[in-house]
Amino acid sequence: MFALGLIGLLVRRNLIFILMSIEVMLNAAGLAFVVAGSRWMQPDGQVMFIFILAMAAAEVAVGLALVLQFYHLHKSLDADAASEMRG
Amino acid sequence: MQPLFYGAAAIAILSTIMMLSRLNAVHALLYLIVSLLAVAVVFYTLGAPFIAALEVIIYAGAIMVLFIFVVMLLNLGERATELERTWVKAKMYIGPMILAAILIAEFVVMLSQTRVTAHSAGVVGPKEVGAALYGPYLIGVELASFLLLGALVGAYHLGVRKREGVSKGNHVDTYERRTAARGDLVRAGTDRTAGAA
Amino acid sequence: MLKGLWLIPTLPLAGFLVLAILGPRLARKPVAIVGVGSIGLSALASLLIAASFLASPPAGYAYTQTLWTWIDVGGFQPRIAFYLDALSLLMTLVVTFVSFLIHWYSAEFMLDDEGYSRFFAYMNLFVASMVTLLLGNNLLLFFLGWEGVGLCSYLLIGFWYTDPINGLAARKAFIVTRVGDTALIVGLFLMYTHLHTIDIQELMRRASQHWAGGSGLAVAAGLLLLGGAVGKSVQLPLQTWLPDAMAGPTPTSALIHAATMVTAGVYLIARTHVLYSLAPVAQEAVAIVGIATLILAGLSALTQWDIKRVLAYSTISQIGYMFLALGVGAWSAALFHFMTHAFFKALLFLSAGIVTNALHNEHNMFKMGGLRKELPVAFWTFLIGGCSLAGLPLITAGFYSKGLIIWQARAAASGSTALWVLSIVGVLLTSLYTFRLIFLVFFGDAKSRVSRKPGYAMKVPVIVLGVLSILGGFVDTPWFLGNVHRFSDFLQTSLPPPVEGQIHGVSELGSEGLVGLAFAIGLCFSYLVFLRRRNLAEALTARPLGKALHQFWFADWGMDWLYDKLFVQPVLWFARVDKQDFIDLLYTGIARLSELFYRAVRTTETGRVRWYAAGIVFGSVVFAAIVLFL
């Protein structure tokens, strides 16, 4: 799942899709934690997942607000439009 | 339990793949929701019902809904779908797929080096999770609340539109000046004093 | 009275400082007063000190005045100290006195020039350096003076720096003497390393103790010092700079390039005479250099058309006589000739200055003529100087000093008949070119109009020098002409007398007679060719052999051409080859390499988010691989 999210991040140019892929990756990481916790019958894995969840929520909020600003500025959602370096 | 696990896992992976290849943002989001629901089922089979519930409520419920709202707010329309068609080509997948493949391979190698014991069937209920949260992980809870507060404030400020009637004044909009000067940052500031009036 | 010794170099130095700092703001008269006055006071001081020295000589006929310790490092402690003995006293006296006369003359001569104060500043600095050279008691102070006079020579030759030719001549002078200076420095180092002192008198003592006669070290040191002397005193093979140095103002040529700086080499060899006594090979080399230069320069002087260049070659030739005398061990004779030469050569230059000034800077002798009516002072003083130079018997100073050298060339232990004969040939040549000069300039038909007559500031010094050119010789005369030996007796308090060898065949009388005869032949021949029948000279030079010789001697025996081919062209060729600075390629290569790397790395800064994300992924993959497999 993580690998899939990674592929999505690298391939898509639309900012929304990039954010979605990041969500997938976070979810995958959380899944790994829960599996570990379940294996050893301890709540710690689930606790970690809750924290990850909280973090993902915060990140999405801020990220989407940024997307809105980006759209105002560049009038498009192309991630490559933000490149000003002449490298 | 086992077939449920594998079935849900397969659905999760499949729908993620579908999500990646969609051109329309809303279609992709719907596939993502399906994927998240499948992952919730996986959590349930692993003996974490509380987490499964949380996944559905918060992740699929709140976060994805936020996504959908924003997408609809942006109101991109057909043009965006056309653009996506030009951007997403098959050959773009090659490089990332190679990298991901190597990553998976490394992961598999790592796993194979440790002994995998049998999966114990047991349920860790909400009571234990709660006890852990308010016990040793209390500080994490507090920090999480800080984080959420910060996100709240940040999102508010970032989301606010420019108020009408605020004079340009001394504020120089670099982007606009730059586009006016056709990308030449040096010339972008040449009429700075004019804007300061 | 001797305590005022330090004033002699310090007064001109003070004059230099005043003129260097305040000069541009002062009017002509104050500048002249400071410039000439400082030298005048210095000359007065040296006169008084000389009187005191002669009246009541200090112990050992030598007086040292130490001012302070200059450097104190390890065991090396040179002092600022002045050493006065017969040699340095004589030379200082002559130098300051002649300098004073020349400065007085140039107060009027340079009146039209814009760089008036600059000129006097440089001349004062020169006199200060020259006196330091003469009076310094250790080699370091001596070398300071040596370099100082070289610097002033450069500054004054290139005085009119706006014309690039003058700059070229100045640089040539400096570089050629630099070659000699290098030899000198190596010689100084050699002596210091082996004898561990730089105090000259101490050095000479230790040399005679530690170095056996004829030892390699003594010969090496002697030859190296000779190298230095050759550069400064314009002898073979470093004589190419003096004719070009005539680009400087005439008073400069008179002072530096006739009377004083060019005799610094003579002083050096005389000062270190102990070394030369220990190394007969080196001393022979001195004599050979002297005699060769003498003849060479004499022949070159015969072909020149520029009045100052004739005098330049004449100077080279006369210093050859001094070197010859040093080479055969006739120390006092060399210094006698130095003294008389200072008088008559300065006189000749100053009179020539009057002539060129009168004719609006015309230097070509063939465009002059019949000036003896218009410029009587110049004519009579020039005549006296010229006769003294050529050696008019009995009444001129030059006759006595040259005669003494020529006799010693035969009579001294290291002398030989060959040297004697050649030096008499030299007299013939001298007489020839001198009278050629006089006849062309002052006799015959007038070709240019005289526009300016000299004022009294220019007339008095030349008259004084004229008187000295006659009377100066009477301090030392041969036994059949008065048997006066004041000069040699005085100098023998610091320099040994010449070692007499076997005299057979010729007596002193005969030698002097032959000298007089050579003079007369030269005079007559000159009269015939240059006054009576000009076409004879033209006929001689028109024939192919005559023409070739004329060209060859005019071009200073081809030495300029030789040095150009040997040294200048290869350096220029290499500079051309190196124009792209390929030796620097190593360093620019490093810069370019890093620039290449920069460009390569720059392509990774695209500004695209996905590119950076890919970078992160790639990095983490590599990292995981390292952790797993290594």
Check your understanding: Solvent-accessible area per residue for the protein assembly as shown at a 1.4 Å probe radius, Å²?
Key -> 46 Å²
Review point. What net charge is computed for the residues neighbouring A:Ala56, neighbours being all others with C-beta under 15 Å from the C-beta of A:Ala56, Lys and Arg scored +1, Asp and Glu -1?
Key: -3
Check your understanding: Ignoring ligands, DNA and RNA, how much accessible area is buried between chains B and A, both sides summed, with a 1.4 Å probe, to the nearest 100 Å²?
Key -> 5800 Å²
Exercise for review: Using only protein heavy atoms and a 1.4 Å probe, report how much of B:Met110 is accessible, in Å² to the nearest 10.
Suggested key: 90 Å²
Practice item. For the protein assembly as shown, give the magnitude of the charge dipole about the Cα centre (Cβ charges: +1 Lys/Arg, -1 Asp/Glu; no others), in debye to the nearest 20. Key: 1880 debye
Check your understanding: Taking +1 at the Cβ of each Lys and Arg and -1 at the Cβ of each Asp and Glu, which of C:Ser469, C:Trp380, C:Gly444 sits farthest along the dipole of the range C:360-481 towards its positive end, judged by Cα position relative to the Cα centre?
Key -> C:Gly444
Practice item. Report, in degrees rounded to the nearest 10, the 0 to 90 angle that the Cα long axis of helix C:307-327 makes with the longest principal axis of chain C. Key: 80 degrees
Check your understanding: Using the per-residue mean of other Cβ atoms lying within 10 Å as a proxy for protection, in what order, highest first, do the peptides B:140-149, C:491-500 fall?
Key -> C:491-500, B:140-149
Revision key, fill the gap. Taking every C-alpha to C-alpha distance in the range C:97-159 and binning by 10 Å from 0, the per-bin percentages run 23, 47, 24, 5, 0
Check your understanding: Mind checking which helices in chain A clear 20 Å along their axis (Cα) and have mean Kyte-Doolittle hydropathy of -0.5 or more, DSSP H runs only?
Key -> A:15-39, A:44-74
Revision key, fill the gap. To the nearest 10 degrees, the tilt of helix C:609-629 (Cα long axis) against the first principal axis of the alpha carbons of chain C is 80 degrees
Review point. In units of 2.2 N^0.38 Å, what is the alpha-carbon radius of gyration of the range C:196-298?
Key: 1.20
Check your understanding: How crowded by other chains is B:93-105, given as the mean number of beta carbons from other chains within 10 Å of each beta carbon?
Key -> 6
Exercise for review: Would you tell me the accessible area of B:His157, worked out with a 1.4 angstrom probe on the heavy atoms of the protein chains, in Å² to the nearest 10?
Suggested key: 120 Å²
Point to revise | Potential extension, C:Lys3-C:Leu585 segment - 0.36 nm per residue separation minus Cα distance | key: 203.4 nm
Point to revise | Greater than 20 Å apart at Cα, pairs in C:Lys172/C:Lys232; C:Lys232/C:Lys402; C:Lys172/C:Lys565; C:Lys232/C:Lys565; C:Lys402/C:Lys459 | key: C:Lys232/C:Lys402; C:Lys232/C:Lys565; C:Lys402/C:Lys459
Exercise for review: Treating only the Cβ atoms of Lys and Arg (+1) and Asp and Glu (-1) as charged, compute the dipole magnitude of chain A about its Cα centre; round to the nearest 20 debye.
Suggested key: 140 debye
Review point. Can you give the average number of partner chain beta-carbon atoms within 10 Å of each beta-carbon in peptide B:138-149, as a whole number?
Key: 3
Study note, to complete from the structure: Computed over chain C: longest principal axis from alpha-carbon atoms vs helix C:331-358 long axis, angle to nearest 10 degrees, is 80 degrees
**Study point:** Cα-based convex hull volume of the protein assembly as shown per residue, rounded to whole Å³
**Key:** 323 Å³
Review point. Considering every Cα-Cα pair within the range C:288-447, what fraction, in whole percent, is farther apart than 27 Å?
Key: 23 percent
Study note, to complete from the structure: Taking the range C:181-243, the whole-percent share of alpha-carbon pairs separated by over 14 angstrom is 58 percent
**Study point:** Fraction in percent of alpha-carbon pairs per bin - 10 Å, the range C:274-341
**Key:** 24, 44, 25, 7, 1
Practice item. Mind checking C:596-606 for the average number of partner chain beta-carbons within 10 Å of each residue's beta-carbon? Key: 1
Point to revise | Net dipole in debye of chain C [+1 Lys, Arg Cβ; -1 Asp, Glu Cβ; about Cα centre; nearest 20] | key: 1300 debye
Exercise for review: Determine which residues of the range C:594-629 fall in the zone a paramagnetic label at A:Ala81 would reach in this model, i.e. backbone nitrogen under 19 Å from the point 7 Å along Cα→Cβ.
Suggested key: C:607-611
**Study point:** Whole-percent carbon and sulfur share, accessible surface of the protein assembly as shown, 1.4 Å
**Key:** 69 percent
Exercise for review: List the accessible area buried at the contact between A and C, summed over both sides and calculated with a 1.4 Å probe, in Å² to the nearest 100.
Suggested key: 1000 Å²
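The values are calculated or read from the model by the stated rules, or taken from the named source; none is laboratory data. Because the structure is a prediction, the values reported are computed rather than measured. Because the Cβ atoms are built from the backbone with ideal geometry, glycine has one as well, and the counts that use them run over all protein chains shown. Note: areas computed on protein heavy atoms with side chains; ligands, DNA, RNA excluded. Shrake-Rupley method; radii C 1.70, N 1.55, O 1.52, S 1.80 Å.
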